[in-house]
Every structure is written in C-alpha cells, then in structure tokens.
Amino acid sequence: MKNSISRFVYVLAASALVIALFTSCKKEKTLSKTEMLTRSWKLIDLIATINGVSGSVYSSEVEPCQQDDSWEFAKGGTYLVKDIGTKCPGGADIVSSGTWQFLDNETKILVDPSDDDPYTGTIDEISASSLKISYSDTFNGIPATITSVFKAQ
C-alpha cells in the first residue's frame, strides 16, 4: 500500500512538472515594426544635438498645452496628433494629421503632415513601449539633430 501511494505521488509530481514546463515555455510573439508603431504615443522629450553637444529642449520648444498631446499612428499609413488634455488657445481637438511610411528597410520614417512640409527621420529605437526618431533640422538657425522621444500610452 505504501508503495502504491509513493508511486501515485511520484506520478502526480511528474505530471505537474510536465504541465508546468509546457505552459511556461510559450513563445512570445515578435511584433513587427508596424505593430510596434501603430499605437498612441506621448512625446516625453525633445533633444537637440549641436556640434556634438546634446540637451533637452522639451520645456522651451514644446508648449505646456502640447505636452499632453497624443500621437496616433494607424496601420493604414495615416497619423493624427490629438489634443487630449489642456487645450492651446484657439486649439482644435486634432492638432495635426497626415501620412507616414517606412523607408530603407524600416530604418527611417517619412512623416508627411497635411499642413506642412514632409520630413524623414531615422528610427533610433522602437519597441512596444518606446520610440525615438531623429532628424536634421535647424535650432535657432544652427544645424542640429533633433531627437523626439516618445513613450506608449
């Protein structure tokens, strides 16, 4: 009798181990860059690099009423920037809209606002929770690299 109880406990423990191994080894789905990009983002920093020196220009270049805006990239290649909190004077619910597309094997993004000139940025980092895009521009008339830092909402 003791032998059959021991055997039962052994079989039960082995079964539990096998079940635990199979359920804990689920393969995580790898998201495509489109899947990572197409969500709502919040701009959390704006970094200017001039002559090799970098610094945040977020508080001086992004109005407080713009700091809560939501950037929403859609799978169809469109985007919206929505004013979801504090409204800027005379501001609308949709701050900007346009189209986007990946370039150069998804290492760059072309953003084409409906009311402004298009620009191309280099995707420095992209994940389901963070996005960094850098582009060439001028800052106070001086050539600079501007890096937009977003976090997923």
Problem - Meets criteria (at pLDDT 95 or above, open to solvent by 70 Å² or more (accessible area, probe 1.4 Å) and touching an Asp or Glu at 6+ places or on another chain (Cβ under 9 Å)) for residue 56 - result: yes
Practice task
Go through (1) surrounded by fewer than 12 Cβ atoms within 10 Å (Cβ to Cβ); (2) modelled with pLDDT of 95 or more and name the single condition residue 135 misses.
Solution key: (1)
Handout entry: Answer from 142, 146 - the residue that is among the hydrophobic types (A, V, I, L, M, F, W, C) and open to solvent by 60 Å² or more (accessible area, probe 1.4 Å)
Key = 142
Exercise for the section: Output the qualifying pairs, or none if there are none: Cβ atoms under 6 angstrom, residues six or more apart or on different chains, first residue in region 129-153 and without any contact (Cβ under 8 Å) to a residue 60 or more places away in the chain and of a type in the set (Val, Ile, Thr), second residue open to solvent by less than 20 Å² (accessible area, probe 1.4 Å) and assigned to a strand (DSSP E or B). Expected result: 133/121; 133/148
Exercise for the section: Identify all residues within region 74-92 that are more than 14 Å from residue 42 (Cβ to Cβ) and among the hydrophobic types (A, V, I, L, M, F, W, C); write none if there are none. Expected result: 74, 88, 92
Exercise for the section: Please enumerate the residues belonging to region 111-132 that are closer than 21 Å to residue 83 by Cα, open to solvent by less than 70 Å² (accessible area, probe 1.4 Å) and under 14 Å from the mean Cα position of the chain (by Cα). Expected result: 130, 131
Exercise for the section: Would you check if there is a residue in region 104-120 being of a type in the set (S, T, N, Q), touching a residue at least 40 places away in the same chain (Cβ under 8 Å) and out of contact with any Pro (no Cβ under 9 Å at 6 or more places or on another chain)? Expected result: no
Handout entry: Residue count for region 59-77, restricted to those that are open to solvent by 30 Å² or more (accessible area, probe 1.4 Å) and either acidic (Asp, Glu) or not in a helix (DSSP H, G or I) (or both)
Key = 9
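The values are calculated or read from the model by the stated rules, or taken from the named source; none is laboratory data. Fair warning: this is a prediction, and the values are worked out from it, not measured in the lab. Counting neighbours? That spans all protein chains shown, and the Cβs are built from the backbone with ideal geometry, glycine included. When the accessible area is computed, the model is the full protein with side chains, heavy atoms only, and any ligands, DNA or RNA have been set aside. Shrake-Rupley method; radii C 1.70, N 1.55, O 1.52, S 1.80 Å.
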